[in-house]
Amino acid sequence: MTAEIAMPLLMRWLHVGTAIVVVGGLVFYRLVFVPIADKVLSDEEREKLREPLMRRWKMFIHPSIILFLISGFYNYIYVTSAQHEGQGLYHALFGLKFLLALGVFALAIIMTSTMTWSEKFRKNQALWAVLILLASAVVLIGGYMKVMPAGSNHASQIDSGAGAVSEEAGDL
Ligand code: HEM
């Protein structure tokens, strides 16, 4: 492994690692924890548990938003956009993924909030479903972008040896 790909690799690990923690945590909370808590705990006990639980989960959610933005923009600006130069679909998918991710960030902040104003949103079960569906859509788009073949411009760069780094980084 050459030094040039250390940073793209680190940013990819950060991006995928953050996605595992955040999307996995959201699915666990809504599809495992809530149904069991509803069955086993009284309303009072559930509310008593929810506050400290969300306070702790927020300590993952808020920094994750920063990590997604740093690793996502790094991936796009320094690794993938050169590989997909001239490929409108790739950049359109990036735009769509970014907008959906902003939706995930906004909903994740609201649904993990402990403030009174967010109570009516938190109690709205449909919003949890929207959050999980949005996050899943972002992951699916990310996976598709990953396997999209490089643009013809990038292919000719590789032939001439110019695109070596992003080619090597792109294989990560
Ligand atoms: C809810 C937030 C997000 C989730 C769950 C998420 C998830 C993912 C996943 C699973 C991949 C595929 C990784 C792989 O197979 O290599 C990916 C790729 C990517 N993501 Fe995200 N992401 C999120 C937010 C963002 C944001 C905010 C940006 C930009 C600022 C971004 C930019 C990218 C880029 C550029 C790629 C690489 C695609 C490629 O390899 O061509 N992501 N994302």
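The values are calculated or read from the model by the stated rules, or taken from the named source; none is laboratory data. A quick note: this is a predicted structure, and the numbers were derived from the prediction, not measured. Please note: Cβ atoms are built from the backbone with ideal geometry, for glycine as well, and neighbour counts cover all protein chains shown. All accessible areas refer to the heavy atoms of the entire protein, side chains included, with ligands and DNA or RNA removed. Shrake-Rupley method; radii C 1.70, N 1.55, O 1.52, S 1.80 Å.
Read through the list (1) of a type outside the set (Ser, Thr, Tyr); (2) in contact with a helix residue (DSSP H, G or I) (Cβ under 6 Å, 6 or more places away or on another chain); (3) open to solvent by 20 Å² or more (accessible area, probe 1.4 Å), then give the number of the only condition that residue 79 fails.
The single condition residue 79 does not satisfy is (3).
Would you mind telling me which numbered condition in (1) acidic (Asp, Glu); (2) in contact with a Gly (Cβ under 6 Å, 6 or more places away or on another chain); (3) assigned to a helix (DSSP H, G or I) residue 85 fails?
Among (1) acidic (Asp, Glu); (2) in contact with a Gly (Cβ under 6 Å, 6 or more places away or on another chain); (3) assigned to a helix (DSSP H, G or I), residue 85 violates only (3).
Could you name every one of the helices (runs of 4 or more DSSP H) located completely within segment 116-166 that has at least 1 residues being at pLDDT 95 or above?
Because the criterion is at least 1 residues that are at pLDDT 95 or above, the helices (runs of 4 or more DSSP H) in segment 116-166 that meet it are 125-147.
Which residue is surrounded by the fewest Cβ atoms within 10 Å (Cβ to Cβ), if the candidates are limited to segment 1-36 and must be charged (D, E, K, R) and more than 12 Å from residue 75 (Cβ to Cβ)?
4
Are any residues in segment 1-39 touching a helix residue (DSSP H, G or I) at 6+ places or on another chain (Cβ under 6 Å), more than 16 Å from the ligand (Cβ to nearest atom) and either among the basic types (Lys, Arg) or touching a residue at least 24 places away in the same chain (Cβ under 8 Å) (or both), and if so, which ones?
Across segment 1-39, the qualifying residue is only 4.
When residue 85 is evaluated against the numbered criteria (1) away from the ligand (no atom under 15 Å from the Cβ); (2) more than 17 Å from the chain's Cα centre (by Cα), which criterion, by number, is the only one it fails?
Looking at each condition in turn, residue 85 falls short on (1).
Being more than 7 Å from the ligand (Cβ to nearest atom), modelled with pLDDT of 95 or more, more than 22 Å from residue 13 (Cα to Cα) and more than 14 Å from the chain's Cα centre (by Cα) is the requirement here; does residue 92 meet it?
On the way: more than 7 Å from the ligand (Cβ to nearest atom): yes; modelled with pLDDT of 95 or more: yes; more than 22 Å from residue 13 (Cα to Cα): yes; more than 14 Å from the chain's Cα centre (by Cα): yes.
Yes.
Just need a number here: residues in segment 52-74 that are open to solvent by 70 Å² or more (accessible area, probe 1.4 Å) and in contact (Cβ under 8 Å) with a residue 12 or more places away in the chain.
Within segment 52-74, residues that are open to solvent by 70 Å² or more (accessible area, probe 1.4 Å) and in contact (Cβ under 8 Å) with a residue 12 or more places away in the chain number 4.
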